[in-house]
Amino acid sequence: MRIDVVSIFPSFFDVLEVSLLGRARGSGLLDIRVHDLRDFTHDRHRTVDDTPYGGGAGMVMKPEPWGEALDEIASGGSADAGTGPVFVFPSPAGEVFTQATAREFADEPHLVFGCGRYEGIDERVFAYAATLGRVRLMSLGDYVLNGGEVAAMAMIEAVGRLVPGVVGNPESLVEESHEDGLLEYPSYTKPASWRGYDVPDVLLSGHHGKVAEWRRTQQVERTRERRPDLLG
Ligand code: 6GU
């Protein structure tokens with residue numbers, strides 16, 4: 001899978017060189033390219049923002065550098081809405097990103113993350129991007145970050161780990177929170193007793209059926225307690 005990222009803070013993405021995704025990059029499973037939006041400006045100050053039409057606080061990202069960046073990434077404008085990449089713009093005004101979105105994106109050959117800062121990106125950029133590929137504005141949840149970088153990182157990790165081969169043991173992807181619509185069950189390892197806290201007896205019993213039943217009950221109970229919204 002190819003992933004392009006456009007940002008005025010490309011160094012935010014240095015951490016993609018470590019851990020699981022770093023290894024997946026090294027082995028060629030993930031082709032991640034980070035671009036500095038300022039490289040697509042032409043003025044001495046490498047300006048990427050300007051004041052909003054209609055007035056108001058803050059600055060808006062100018063469309064021209066975005067247009068040039070998206071053209072270059074979407075193979076010099078030869079892409080179209082049908083064949084081009086999926087453009088993901090992290091935004092608190094977007095649809096909520098979930099595990100279902102991560103699975104959907106993991107099936108795509110090419111994702112482009114456009115990270116806005118300030119009060120956002122000139123709205124026409126989204127309309128233009130829709131002529132080069134599909135456009136998705138995605139939010140991580142109901143709170144506000146300073147820009148799209150941290151949100152893009154979260155989405156890249158959630159999607160990247162679903163790409164076949166990135167996670168060594170694919171079975172570890174199955175029994176996770178949100179894969180079956182429930183939160184995951186609690187986990188324990190040795191020692192069986194630690195500082196007065198004991199591992200539940202059933203897990204030491206060696207009875208696989210009882211263990212499975214206990215885990216399921218735990219999943220339902222903690223989902224009801226912490227995330228009743230998931231139970232519908
Ligand atoms: Cl995707 N971007 C920003 N700036 N803030 C957010 C967000 C995204 N998701 C939640 N808050």
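One Cα centroid belongs to the range 117-193, the other to the range 12-50; the line between them spans 18 Å. Here the convex hull built on the C-alpha positions of the range 1-74 has a volume of 120 cubic angstrom per residue. Just checking the listed ones, Tyr143, Tyr185, Tyr118: in the Gaussian network model of the chain with Cα springs under 10 Å, the one fluctuating most is Tyr143.
Over the chain, dividing the summed -39,500 (n - 2.57) contributions of all DSSP H runs of at least 4 residues by the number of residues returns a 222 nm mean residue ellipticity of -8500 deg cm²/dmol.
DSSP finds beta bridges in the chain, and of those with both partners inside it, around 15 percent are antiparallel.
Here the simple spin-label model places points 7 Å from the Cα toward Cβ, and for Val211 and Arg124 these points are separated by 6.2 nm.
Share of pairwise Cα-Cα distances greater than 14 Å in the range 175-230 is 59 percent (whole percent). Taking amide H atoms as placed 1.01 Å from N in the peptide plane, the amide H of Asp49 lies under 5 Å from those of Lys62, each 5 or more residues away in sequence or on another chain. Contact order for the range 35-87, expressed relative to its length and based on alpha carbon pairs under 8 Å spaced 6+ residues apart, stands at 27 percent. For the range 195-225, the list of trypsin sites (Lys or Arg not before Pro) that fall in a loop by DSSP and count at most 10 other C-beta atoms within 10 angstrom reads Arg195.
log₁₀ I(q)/I(0) of the range 1-159 at q = 0.09, 0.11 Å⁻¹, via Debye over equal Cα point scatterers, no solvent, to two decimals? Scattering profile of the range 1-159, log10 relative to I(0): -0.27, -0.41.
Bear in mind these aren't lab numbers, they're just calculated from the coordinates by the rules spelled out. These numbers were taken from a predicted model, which means no experiment stands behind them. In this analysis, Cβ positions are derived from the backbone assuming ideal geometry, glycine residues included, and neighbour counts consider all displayed protein chains.
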